[in-house]
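Okay, so here's the structure we're looking at.
None of the figures in this text is laboratory data; all of them are computed from the coordinates on show. As the structure is a prediction and not an experimental result, all values here were calculated from the model. Please note: Cβ atoms are built from the backbone with ideal geometry, for glycine as well, and neighbour counts cover all protein chains shown.
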Amino acid sequence: MRKPYAFRALLEHLARVQKASDALPRNYGIDILLKTDEIHLLDLIDKHPGCNLTTLADLMLTSKMVISGLVRRLQAKGLLTVGQGRNKKELICSLTERGKIAVDTHDAYHRMENVYLSEKLDAYTDEEIALVERFLKDYTTYLEAYAKDATIL
């Protein structure tokens, strides 16, 4: 017999572990502790040079107010600078040298993580991996539909 709540419990556990992990500030080679949202904002600025705060908010799926607060914190830490864009209201961020070092260290961490995960996945058959991928795709489709219309019944 299938246990439908076992998948849900597993997903909730993974979400809790990820949230706890994200809450821990980390040193990305610059002797400044950064939270996950801070390093991800620096990463976006690096990968989308010249974008404004509205674009950054859209990319991070958050509000412009949240981005403004993150930008102020990172600017105070000396990891980015803010300049004017095409008009006086538009603000454009760019990384300082220390900000770039943090992003490069973060990228190196993800490359190491990918090696670790690849080694772990080698223990599974192609069929097992395909099954997990199919389930995650189906669950993602369900969540996307639910996000569009959150009617419960």
- prompt: Out of His48, Gly78, Thr141, whose Cα points farthest toward the positive end of the dipole of segment 17-153 (charges: +1 Lys, Arg; -1 Asp, Glu; placed on Cβ)?
  reply: Gly78
- request: Write down the radius of gyration of the chain and its Dmax, each obtained from C-alpha positions, in Å.
  value: 19.4, 63
- prompt: What ranking, highest mean first, results for peptides 93-103, 18-28, 61-71 when packing means the other Cβ atoms within 10 Å averaged over each residue?
  reply: 93-103, 61-71, 18-28
Whole-angstrom Cα spans of segment 48-108 along principal axes, big to small: 33, 23, 20
statement: The relative contact order of the chain, taking Cα pairs under 8 Å that sit 6 or more residues apart, comes to a percentage of 18 percent
- request: Taking the Cα centre of the chain as origin, work out the dipole magnitude from +1 charges on Lys and Arg Cβ and -1 charges on Asp and Glu Cβ, in debye rounded to 20.
  value: 800 debye
message: What do you get for the angle between helix 4-23 and the principal long axis of the chain? Use alpha-carbon atoms, 0 to 90 degrees, nearest ten.
response: 20 degrees
query: Taking the alpha-carbon centroid of each part, what is the distance from segment 49-63 to segment 67-120 in angstrom?
result: 12 Å
- prompt: Which entries in the list Lys64/Lys137; Lys35/Lys89; Lys77/Lys100; Lys64/Lys88; Lys35/Lys64; Lys35/Lys137 go over 23 Å, if you measure between the two C-alpha atoms of each?
  reply: Lys64/Lys137; Lys35/Lys89; Lys35/Lys137
message: Given the -39500 (n - 2.57) contribution per DSSP H run of 4+ residues, what per-residue ellipticity at 222 nm results for the chain, rounded to the nearest 500 deg cm²/dmol?
response: -22000 deg cm²/dmol
message: For the chain, take the longest principal axis of its alpha carbons; what is the angle in degrees between that and the long axis of helix 36-47, to the nearest 10 within 0 to 90?
response: 70 degrees
statement: A correct Karplus calculation of ³J(HN,Hα) over segment 125-135, with 6.51 cos²θ - 1.76 cosθ + 1.60, θ = phi - 60°, whole Hz and x for Gly and Pro, returns 6, 4, 5, 5, 5, 4, 5, 5, 4, 5, 4
